Amino acid sequence: MKAVALAVVLASTPIALSAQHQHGEDHGADRPTVLRAARMIDVETGVVHPDAVLVVEGGLIAAVNPASVPDGAHEMDLGDVTLLPGFIDAHTHLAGQLDAASFTDAVTMTEARGAYNAVKYGGVTVRAGFTTVRDFGGDVTVELGKAVERGDIVAPRVIPSRHPLGITGGHCDVTGLAPGILERGPEQGVADGPWEVVEAVRYQIKHGAKVIKTCATAGVLSMEGPVGAQQYTSDELEAMVAEAARHGIKVAAHAHGAEGILAAVQAGVASIEHGSVLTDEIMDLMIEKGTYLVPTTYLVDRIAMDVLPPLIRGKAEEILPVARASTRRAVQRGVPIAFGTDAGVFPHGENAGEFEVYVEMGMSEIDALRTATLHAAELLGTPDRGRLAEGMLADVIALPGNPLDDIGVTKDVTFVMLGGRVIKHVVGGRDMHSMEH
Ligand SMILES: [Zn+2]
């Protein structure tokens, strides 16, 4: 009977197919799933619970360590692993991957190629245990996020910015071309003066932005001025933050130099991306205002210097060691930190390398895990994820061993569940999930 009913659904409505696929492909349509594992970490308390049991139903966590489990549930015993909430990376670029060809992307990249990239790199990222990303990537990753929520594509959930906001000729514009070539305006995020900035904010939100990204200062991977130079004025940043706030949306500010970081923090942005030159004054203000630093520090070890044009390579060699030192001081001073990597600048899927750098800088293992769970969820404004608790999204990962003993195991995620759907399950070195399907 079930096969007949399914065949009717398949023949009649493609929309029903995707719903059936999402909820039914693993273990029967509406049956609850019971996940068992040797350990689970409560990231809020830091307590390791042995013999963990999670009940998953309807894409949500229905119960944690209940006295009894529902009859007829699908049972999965994952063995000697540690369960954690799916990780969140607050700074990705899923539509691209830095290589020698990237520097002509402004005139050669198509939306279609970006979309195929996003599907490929989104798949790599979610299988590395990152079930949510905040992505800065135009319409491509706005639509990627919608496709993920429909269940059409296996990739992380996306909090997208659409186009980043920047000044004419700044880091978020395209520079080095003749006048008249690829001139951009507020719709593409290039906006000057408070009113154009307001227009640009409204336009990004109209077309799907859930966060506003801005280039408060110059940057590394662009052909304009000194890397740390402030680009937006305080008036422009304040107008941006105020307009975004009227829509319930936060601002993330790319910022390298101290003046631009300070202006952005004072204007009320929710996060400083990179934060390469941090003074004591800035760090204390970030602590006071609860402004997150999103360090993107693993890339310092992994950026492909040999593909960078000389101007850009010079900027990278100047700023990256300074940035690494600032992150270390921020960790030690207690600046709020949300996990973010700039994945795309280094190979997608290596995101968890960021954890090791935090721990090497003196952060405890549990605090490192919190950056990619509790803290990132707070920064993204997504209280439905980042913890394993009743009513949360069933975005669950498993690691071999215990990351509180060795943070490096975060690079070896063996199991990923996204919204109750198993998308990776490695047993004896083989992904049983991909073999089953
Ligand atoms: Zn970035």
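The values are calculated or read from the model by the stated rules, or taken from the named source; none is laboratory data. No experiment lies behind these values; they were computed from the predicted model shown. FYI the Cβ positions are ideal-geometry reconstructions off the backbone, even for glycines, and counts take in every protein chain you see.
Taking Ala330, is it at pLDDT 95 or above, more than 16 Å from the ligand (Cβ to nearest atom) and either within 22 Å of Ala218 (Cβ to Cβ) or not assigned by TED's automatic domain parsing to the domain that holds Asp412 (or both)?
For Ala330, the condition - at pLDDT 95 or above, more than 16 Å from the ligand (Cβ to nearest atom) and either within 22 Å of Ala218 (Cβ to Cβ) or not assigned by TED's automatic domain parsing to the domain that holds Asp412 (or both) - is met.
Of all the residues that make up segment 388-437, how many are among the hydroxyl-bearing types (Ser, Thr, Tyr) and within 23 Å of the chain's Cα centre (by Cα)?
Qualifying residue count, segment 388-437: 2.
Got a number for residues in segment 302-343 being of a type outside the set (Lys, Arg) and not in a loop (DSSP other than H, G, I, E, B)?
23
If I filter segment 97-114 for residues that are within 16 Å of the ligand (Cβ to nearest atom), in contact with a Leu (Cβ under 8 Å, 6 or more places away or on another chain), aliphatic (A, V, I, L, M) and part of a loop (DSSP other than H, G, I, E, B), do I get at least one hit?
yes
Residue check: is Glu273 in the same structural domain as Val345 (by TED's automatic domain parsing), of a type in the set (Asp, Glu), away from the ligand (no atom under 16 Å from the Cβ) and modelled with pLDDT of 95 or more?
No.
What pairs come out if I take residues in segment 201-221 that are within 14 Å of Asp135 (Cα to Cα) and among the aliphatic types (A, V, I, L, M) and pair them with residues that are at pLDDT 95 or above and in a helix (DSSP H, G or I) whose C-beta lies under 6 Å away, six or more apart or interchain?
Ile212/Val201; Ile212/Ala244
Aromatic (Phe, Trp, Tyr), surrounded by 23 or more Cβ atoms within 10 Å (Cβ to Cβ), outside any helix (DSSP H, G or I) and within 16 Å of the ligand (Cβ to nearest atom): does that describe Phe346?
No: the conditions fail for Phe346.
Scan segment 365-384 and give yes if some residue there is among the charged types (D, E, K, R) and over 29 Å from His49 (Cα atoms), otherwise no.
no
Do you know which of the residues in segment 349-361 that are within 16 Å of the ligand (Cβ to nearest atom) and among the acidic types (Asp, Glu) is surrounded by the most Cβ atoms within 10 Å (Cβ to Cβ)?
This residue is Glu354.
Looking only at segment 267-288, which residues are within 21 Å of Gly170 (Cα to Cα) and not in a loop (DSSP other than H, G, I, E, B)?
Listed by number, the residues that qualify are Ala267, Ser271, Ile272, Glu273, His274.
What single numbered condition from (1) within 16 Å of the ligand (Cβ to nearest atom); (2) over 15 Å from Asp89 (Cα atoms) fails to hold for Thr297?
(2)
So Ala389 passes all but one of these: (1) surrounded by fewer than 19 Cβ atoms within 10 Å (Cβ to Cβ); (2) touching a helix residue (DSSP H, G or I) at 6+ places or on another chain (Cβ under 8 Å). Which condition number does it fail?
Of the numbered conditions (1) surrounded by fewer than 19 Cβ atoms within 10 Å (Cβ to Cβ); (2) touching a helix residue (DSSP H, G or I) at 6+ places or on another chain (Cβ under 8 Å), the odd one out for Ala389 is (2).
What residue, among those in segment 198-213 that are in contact with a Leu (Cβ under 9 Å, 6 or more places away or on another chain) and hydrophobic (A, V, I, L, M, F, W, C), is farthest from Asp173 (Cα to Cα)?
Across segment 198-213, the extreme among qualifying residues is Val211.
If you scan segment 135-153, which residues turn out to be among the β-branched types (Val, Ile, Thr) and part of a helix (DSSP H, G or I)?
Of everything in segment 135-153, those that are among the β-branched types (Val, Ile, Thr) and part of a helix (DSSP H, G or I) turn out to be Val140, Thr141, Val142, Val148.
State whether the residues of segment 59-68 include one that is within 16 Å of the ligand (Cβ to nearest atom), within 24 Å of the chain's Cα centre (by Cα) and not in a loop (DSSP other than H, G, I, E, B).
No, the conditions are met nowhere in segment 59-68.
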